[in-house]
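Reading through the C-alpha cells given below for one structure.
Read-outs: derived from the displayed coordinates by stated rules, not from any lab. Keep in mind that what you see is a predicted model, and the values were worked out from it rather than measured. Every residue, glycine as well, gets a Cβ built from its backbone with ideal geometry; the counts of neighbours run over all protein chains shown.
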C-alpha cells in the first residue's frame, strides 16, 4: 500500500474506534498478529490485550474524545499525534473517580 493509503487506513481506524473500542471494529481492522508496543521493556500487547486495555480506559473516562493533531506517512509507516480529553468518572490505575477533566497527548506509529 502507498503512504496515502496507509494514512487513510489509520484515519479510518481512528474515526471508527474514537468513540468506542468495540471488538467487531477492531477485529475488522487489527490483524490477529497485531502487537502494541507501549515501551521498549514490556512485552507487546496482543489484539485482545489491547481491547482489554482500551476497555479499562473507556470505563475510567467514558466521555473521552480524541482529536487528531498530526499525521504523517512514508512508505508502509504512519505516525500520528492525538489530544485526548475526558472526565475521570471511573477507577483508573487504582485511583477512585475524581470527576476531574483530563487532557493528554499521545503519539503512535504503525
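The figures follow:
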read-out	value
Identified option (computed Cα Rg over 2.2 N^0.38 Å; candidates (i) 1.11; (ii) 1.28; (iii) 1.51)	(i)
Label-to-label distance, nm, for residues given as residue 5 and residue 96 (7 Å Cα→Cβ offset)	5.3
Residue 72-residue 85 pseudo-label distance in nm [points 7 Å out on the Cα-to-Cβ vector]	2.6
